[in-house]
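The values are calculated or read from the model by the stated rules, or taken from the named source; none is laboratory data. The structure presented is a predicted model; accordingly, all values stated were derived computationally and were not measured. Cβ placement follows ideal geometry from the backbone for every residue including glycine, while neighbour counts extend to all protein chains displayed.
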């Protein structure tokens, strides 16, 4: 977004806020805009409307007292019709999403045993998407998709699982 001789360029897939003497005056769409600073107008932003992805690692404990790290991925974006709301109501969108993701995961994973966590990854992801989308809507952001990418048990549990599989493979052979 450039500002030369009272002209402001807003790039594709972004919007900017126009303020008059510090008060919101409108949303500027992509293109060139005349923003005369000597009349009290000013451009703020930009605000990207592109899809963003946030990958998070949430350590938690299962019902059977196994420590796991849940790797979750949330795809979100600012809603174009609520651009001013998205720009002015929240400073750090990523931190807000992270807090909600951790809250959902730390509330749901301790209710499940380790095997159930692996089996119900899709259900956990759906609950995660629904809860985070509901929490972010008032801030002018929409969650497009939330995924549970991986469930990583602690190293000792992984070794025990590998040894157990190896023993069952030897017994079957």
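Suppose we filter 65, 92 for residues that are surrounded by fewer than 19 Cβ atoms within 10 Å (Cβ to Cβ) and within 22 Å of residue 46 (Cα to Cα); which single one remains? Just one listed residue meets the conditions, 92.
Taken together, 106, 44 contain a single residue that is outside the structural domain of residue 128 (by TED's automatic domain parsing) and modelled with pLDDT under 95, which is 44. The set of residues in region 116-160 that are in contact with a helix residue (DSSP H, G or I) (Cβ under 7 Å, 6 or more places away or on another chain) and not in a helix (DSSP H, G or I) comprises 140, 141, 142, 143, 145, 146, 147, 148, 151, 153. Counting only residues that are touching a residue at least 40 places away in the same chain (Cβ under 8 Å) and part of a loop (DSSP other than H, G, I, E, B), how many does region 65-98 have? Residues flagged as touching a residue at least 40 places away in the same chain (Cβ under 8 Å) and part of a loop (DSSP other than H, G, I, E, B) within region 65-98 amount to 3. Just one of the listed residues (99, 78) is closer than 20 Å to residue 136 by Cβ and touching a strand residue (DSSP E or B) at 6+ places or on another chain (Cβ under 8 Å), namely 78. Return yes or no: is residue 165 modelled with pLDDT under 95, farther than 26 Å from residue 15 by Cα and loosely packed, with under 13 Cβ neighbours inside 10 Å? Yes: the conditions hold for residue 165. Can you name every residue in region 130-144 that is in contact (Cβ under 8 Å) with a residue 40 or more places away in the chain and within 12 Å of the chain's Cα centre (by Cα)? Scanning region 130-144 gives 132, 136, 141, 142, 143, 144.
Out of 67, 76, 88, report the one residue that is over 18 Å from residue 150 (Cα atoms), over 16 Å from the mean Cα position of the chain (by Cα) and not assigned by TED's automatic domain parsing to the domain that holds residue 16.
88 is the lone residue from the list that is over 18 Å from residue 150 (Cα atoms), over 16 Å from the mean Cα position of the chain (by Cα) and not assigned by TED's automatic domain parsing to the domain that holds residue 16.
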